[in-house]
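The values are calculated or read from the model by the stated rules, or taken from the named source; none is laboratory data. Here the structure is a predicted model, which is why all the values come from computation and not from measurement. Backbone-built Cβ (ideal geometry, glycine too); neighbour counts: all protein chains shown.
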Protein chains: 4
Amino acid sequence: MPHNIAILGASGYTGAELVRLIAGHPELEIAALSADRKAGQTMASVFPHLRHLDLPDLVRIEEIDFGGIDLCFCALPHATSQAVIAELPRDVRVIDLSADFRLRDPADYEKWYGKPHAAPELQKEAVYGLTEFYRPEIAAARLVAGTGCNAATGQYALRPLIAAGVIDLDDIVIDLKAAVSGAGRSLKENLLHAELSEGYNAYGLGGTHRHLGEFDQEFSLIAGRKVEVQFQPHLVPANRGILASVYVRGSVQAVHDTLAGAYEGEPFLHVLPMGEAPSTHHVRGSNIVHVGAVADRRAGRTVVFAALDNLTKGSSGQALQNANLMLGHDERAGLDMVPLFP
Amino acid sequence: MPHNIAILGASGYTGAELVRLIAGHPELEIAALSADRKAGQTMASVFPHLRHLDLPDLVRIEEIDFGGIDLCFCALPHATSQAVIAELPRDVRVIDLSADFRLRDPADYEKWYGKPHAAPELQKEAVYGLTEFYRPEIAAARLVAGTGCNAATGQYALRPLIAAGVIDLDDIVIDLKAAVSGAGRSLKENLLHAELSEGYNAYGLGGTHRHLGEFDQEFSLIAGRKVEVQFQPHLVPANRGILASVYVRGSVQAVHDTLAGAYEGEPFLHVLPMGEAPSTHHVRGSNIVHVGAVADRRAGRTVVFAALDNLTKGSSGQALQNANLMLGHDERAGLDMVPLFP
Amino acid sequence: MPHNIAILGASGYTGAELVRLIAGHPELEIAALSADRKAGQTMASVFPHLRHLDLPDLVRIEEIDFGGIDLCFCALPHATSQAVIAELPRDVRVIDLSADFRLRDPADYEKWYGKPHAAPELQKEAVYGLTEFYRPEIAAARLVAGTGCNAATGQYALRPLIAAGVIDLDDIVIDLKAAVSGAGRSLKENLLHAELSEGYNAYGLGGTHRHLGEFDQEFSLIAGRKVEVQFQPHLVPANRGILASVYVRGSVQAVHDTLAGAYEGEPFLHVLPMGEAPSTHHVRGSNIVHVGAVADRRAGRTVVFAALDNLTKGSSGQALQNANLMLGHDERAGLDMVPLFP
Amino acid sequence: MPHNIAILGASGYTGAELVRLIAGHPELEIAALSADRKAGQTMASVFPHLRHLDLPDLVRIEEIDFGGIDLCFCALPHATSQAVIAELPRDVRVIDLSADFRLRDPADYEKWYGKPHAAPELQKEAVYGLTEFYRPEIAAARLVAGTGCNAATGQYALRPLIAAGVIDLDDIVIDLKAAVSGAGRSLKENLLHAELSEGYNAYGLGGTHRHLGEFDQEFSLIAGRKVEVQFQPHLVPANRGILASVYVRGSVQAVHDTLAGAYEGEPFLHVLPMGEAPSTHHVRGSNIVHVGAVADRRAGRTVVFAALDNLTKGSSGQALQNANLMLGHDERAGLDMVPLFP
């Protein structure tokens, strides 16, 4: 039986990506799309690549009748989400793509986002949405918090290794290269084509990137002790893709065995043969993650790589995968597209 | 009932694109993949973005048992195709993506390709593969010739207009902007990233581009008289996409009405509202064509635009659409993916 | 003797480009830089690529002492310029890079820019800044109007041909491909990397691009009759460069001879051998224009190409060349850098 | 007095970059250009962006009369250089841009390059060309070995720190992001625009990149003990630029002080304020290096960044700077161009 879906904040990239994916889903129907400033417009005018689809026009959230909605994707800006979700009927299940419910501890939220959480009750209830590691909780959840896209990439490289105890927890460096769509459709000077193309640079300097909050929360939980990684993201001139190069201390054999074991049978996680490294080219537009482990020339040092598409597996694809779990559909429904190359 | 498919020349971009599309087709099975120089390798090693698919290894053409093959896509280089196809069993249906069978007249072939055709009998039998205009012939054909990707784009802008007699046949200028994947995976200096990115230029200067042979053949056939357009392609720094800006003499209203009428009900052809122009951004990775018509400030002059993805609608998507017709499947099967943006 | 220079609007791309060029000029000294919203900041903070230069901080225009300024470059937004320049001391010579003084006729200005001109007296006095065609007037001018970058490119292809009467004046089509820096550092959605890279499209549809006003003014003046060209610009994913493909009726030999003759001895204009076409790759970062003429297969039809860098020869380089004329320096001073390739 | 220059291997990117730079040098004259496979061609045909320069045609090396040559830049492929240079007259001074003379120890050369050195006598004599650290040796040298471009970038970040003893020598990770022109004008599949643009990946996996030989040699020499860094390069979709993100253990204050002190007064080395990170955007096309140091959130861990243009400061600019030292010119001659942005 088809389920009715609403997407709040449909005029951003993650909203459009949800529409792209759901268009190929046999059991989901898009019943409502909201976008406050663009309310009244058609999706075709906001995203001409969707012009051939039969979609509801953009409305304001207040105009949506949530009575017929089974599940609501909330692709609103950070901080806006918590207020909106607090007002949604309790029988609507919610997947939030913002950062608002990723951190369980209100103190952590305040530390990383600079103000108190406006809906601490909901925060308690939210399930962290990294599908492969929270399946039963997600399936049963009313509110799922989509992960940060950088945070997802780093965790795919590291979670199994931390859980298995095969790496030194005090010497982990995540050097991450992110494409620009992760910054959203926002009008910032450094996101202009003329500013970004043909060059690259680090950002989120000095351990200030908010996804560190997720790393701290999740890695410490797994390890049963405080784990603080070093994390330095870089912005590269491409639209989709995240590549994490993770420098760890541990034997490449143990690392590779652990990753291969952890992801065996996973539909979207693929561990490359030992010694091979992934490329963002080969996952673009898909829900696939490529993971690799390569030995350094010095024994005991290994580089773990993870590559994914930030808009798909890093955000909207993850959200749809979680929706499938929550609604009882095949987890892969709508998500089996092959990467687009070249 | 599923049909078995072979792809000859699977190590090029159109071969990989066929695999991408067929992977999402419910009724087609890839039974064999050939690539002469890369025979013995896996597709994963040649195209790592396909690594998660269960595909046969690359073999030499001679190793394929065509007994079980229903339809063969031939994605070989120009001139190689004709020799290979001449040797295929007659009960295997063939879609050739090369230029070898696009021109019906052997003299035309020799004029544009510089040598006599090696399989003139087959040439006579081949059906020109521009789906929307040759549906019954394609459905019944044994051999279909995929069109040139530039030639397809120009024809989507012009065929209905020439047929309806709403434009001046002696004053047609096609200024075309093509992305680089149309040149294939060939190792040429001007296709290097360092040479192509950040700049652009005309090529195929002075009416020498071979797709002119297709324009001449088709437009003259439609008009019932000789029609020679002016055609100047340009290479732009992008991977997928063709945009044709076609300068014609004719009223924009008549032009728009004619295009809208001609493409009404077509699953992949979308005519924009009058006065709007398409972008290659909005068709990338899809089988969709966007067509637009815009009036110049001077009465009687109109610019017609057509945009498509050269690897999909311009080549492998067109081929799959034709295969669906030939094998009796829904014409849209495997082709309903939404464009990838951003 | 060195001259003191002020640059108003130094926080935009043409302002930064002026700084880049003047840094290599032996006789010019940058004495003042203004940027209203960024007043108080250093140029290093606004343009880190200029951090090694010894430059004055950004100030508000009112803070500049024009007493010591010999020449002022005005790189302000359109419509802002006219008010500012009207207030400058009469003994400061001015080169305006905005559109405010390009059209001599106030009615033309109002037609293309949508409101009456605020300084019609100055408008009368302004000299059109296409260096090669207005040398004596520029040398003597108090106020020079920098041309539109697209307008400059089209004129380099066409002015000598119209003057010589070797082409049909009623059938001229300019299909132009422009890189994105021509749109300035403005925060618009379609200028974002995620929106622009990997695709391209027409803009300024239907004969509405304002540079048409310049074409009309200049071509009609040269021809001694009204000339209205068809002009369709396109935005391509690159940062610098304009390529005009101009479709004309006229013999390629006459066209090429005329261009070669007109530009003989010009330091920055290079006419390619007949049958060759230029590329924006080969003029990037320089003040050079490459012009080419190619015969179509149909006699009497020729494509003329012109390629330049919009920020250099199309704007700031042109301005500096004019400043050299006005101040009595070698016209090439500060402008002899070789194009950057790759 | 002007000096006569020869460039061997002028048809590659470093050769063309040398021409670009020398064109702006007041005291150098290009007397000969060689390119074996393209001998007989003009530089304009091989590099149209140089078409306006008055340059000698390309010849074979044997055709060059070295009698009048003061200094020869050798931009030949690795392994070719050693044989060619061994044949040059002893009174011609030589700057080799290949890898052939970078490693002093023949055993190291064989280890990293896979075969014995063909000119071990010359190898002994060669001076390592990292200008700022070998000025007197370079000024006096007959043969200077240009450094690897990645090796130069990493050394600018690390040499002063190793010399000063302010970081832990056993825990250095260099994560490097390189643009594609460093790979030269070679026809390789992964360098095609369609393969490289829009994505990125690691290469030189597992401590196999040859520039590690330079790191080992130089860092061990400075430290007076064996130092082995971890080095992982990545290829990003841009044409020019290298960014090294170097993870070290040491106080950011000591690191920044050391770098600032070491590079004080250097014409091309600029240390950013503490806590700021450089971008390749801001050094493109110039001989400038931007260096930065940023504290991690965990005390005692610092990220050092260095950014430069691989073709300029990483290769041809470095070579010209060395030539200036060798010939007694101002070290900055021909090298004062401002970075090109955007």
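Only one of the numbered conditions (1) at pLDDT below 95; (2) within 18 Å of D:Glu195 (Cβ to Cβ) is not met by B:Lys188, and that is (1). Here D:Thr208 fulfils each of the conditions (1) within 11 Å of chain A (Cβ to nearest Cβ); (2) under 30 Å from A:Asn239 (Cβ atoms); (3) more than 16 Å from the chain's Cα centre (by Cα) apart from (2). Put simply, of A:Met326, A:Met337 the only residue that is modelled with pLDDT of 95 or more and within 12 Å of another protein chain (Cβ to nearest Cβ) is A:Met337. The number of residues in the range A:237-248 being within 14 Å of chain B (Cβ to nearest Cβ) and among the aliphatic types (A, V, I, L, M) comes to 2. The number of residues in the range B:217-252 that are among the hydrophobic types (A, V, I, L, M, F, W, C), assigned to a strand (DSSP E or B) and more than 21 Å from the chain's Cα centre (by Cα) comes to 1.
Is it fair to say B:Phe47 is touching a strand residue (DSSP E or B) at 6+ places or on another chain (Cβ under 8 Å) and among the aromatic types (Phe, Trp, Tyr)? Criteria not met by B:Phe47. For D:Leu18, the requirement of being assigned to a loop (DSSP other than H, G, I, E, B), under 23 Å from the mean Cα position of the chain (by Cα), surrounded by 24 or more Cβ atoms within 10 Å (Cβ to Cβ) and hydrophobic (A, V, I, L, M, F, W, C) is not met. Checked against the criterion of being within 7 Å of another protein chain (Cβ to nearest Cβ) and of a type outside the set (Lys, Arg), the candidates D:Ala183, D:Ala202, D:Ala223 yield just one match: D:Ala202. Checking each residue in the range C:212-248 for being of a type in the set (A, V, I, L, M, F, W, C) and without any contact (Cβ under 8 Å) to a residue 24 or more places away in the chain picks out only C:Leu221.
Is it fair to say D:Ala319 is within 11 Å of the chain's Cα centre (by Cα), in contact (Cβ under 8 Å) with a residue 12 or more places away in the chain, away from chain A (no Cβ under 14 Å) and surrounded by 24 or more Cβ atoms within 10 Å (Cβ to Cβ)?
Here the answer is yes, as D:Ala319 does meet what is asked.
If only residues of the range A:188-199 that are assigned to a loop (DSSP other than H, G, I, E, B) and facing chain D (nearest Cβ under 7 Å) are counted, the one that is farthest from B:Ala238 (Cα to Cα) is A:Gly199.
For the range A:12-31, give me each residue that is among the small types (Gly, Ala, Ser), more than 10 Å from chain B (Cβ to nearest Cβ) and closer than 25 Å to B:Pro273 by Cβ. Let's see the steps before the verdict.
Within the range A:12-31, the first condition is being among the small types (Gly, Ala, Ser), and the residues that meet it are A:12, A:15-16, A:23-24, A:31.
Still in the running and more than 10 Å from chain B (Cβ to nearest Cβ): A:12, A:15, A:31.
Correct list: A:Gly12, A:Gly15.
For the range C:290-308, the candidate set comprises residues that are at the interface with another protein chain (Cβ under 10 Å from one of its Cβ atoms) and under 23 Å from C:Asn322 (Cα atoms); within that set, the residue that is surrounded by the fewest Cβ atoms within 10 Å (Cβ to Cβ) is C:His290. Going by what's in this entry, would B:Glu62 be described as of a type in the set (Asp, Glu), assigned by TED's automatic domain parsing to the domain that holds B:Pro89 and under 23 Å from B:Gly314 (Cα atoms)? So B:Glu62 does not fit the description; no.
Of all residue pairs spaced 6 or more apart or on separate chains, those with beta-carbon atoms under 9 Å, a first member in the range A:260-289 that is within 12 Å of chain D (Cβ to nearest Cβ) and a second member that is among the aliphatic types (A, V, I, L, M) and part of a helix (DSSP H, G or I) are A:Met274/A:Val252; A:Met274/A:Val255; A:Met274/A:Ala260; A:Gly275/A:Val252; A:His281/D:Leu196; A:His282/B:Leu50.
Name the residues in the range A:31-42 that are of a type in the set (Gly, Ala, Ser) and part of a loop (DSSP other than H, G, I, E, B), would you?
A:Ala35, A:Ala39, A:Gly40
Only one of the numbered conditions (1) buried (at least 24 other Cβ atoms within 10 Å of the Cβ); (2) within 24 Å of D:Leu272 (Cβ to Cβ); (3) among the small types (Gly, Ala, Ser) is violated by C:Ser34, and that is (2).
Of B:Pro56, B:Pro48, all but one fail to be away from chain A (no Cβ under 14 Å) and under 23 Å from A:Pro273 (Cα atoms); the exception is B:Pro56. Could you please let me know if B:Gly9 is in contact with a Leu (Cβ under 9 Å, 6 or more places away or on another chain) and within 14 Å of chain A (Cβ to nearest Cβ)? For B:Gly9, the condition - in contact with a Leu (Cβ under 9 Å, 6 or more places away or on another chain) and within 14 Å of chain A (Cβ to nearest Cβ) - is not met. Restricting to the range B:253-275, what's the tally of residues that are buried (at least 17 other Cβ atoms within 10 Å of the Cβ), assigned to a loop (DSSP other than H, G, I, E, B) and either in contact with a Pro (Cβ under 7 Å, 6 or more places away or on another chain) or acidic (Asp, Glu) (or both)? Residues meeting the conditions: 1. Does B:Ser45 satisfy the condition of being in a helix (DSSP H, G or I) and surrounded by fewer than 24 Cβ atoms within 10 Å (Cβ to Cβ)? Against the criterion (in a helix (DSSP H, G or I) and surrounded by fewer than 24 Cβ atoms within 10 Å (Cβ to Cβ)), B:Ser45 qualifies.
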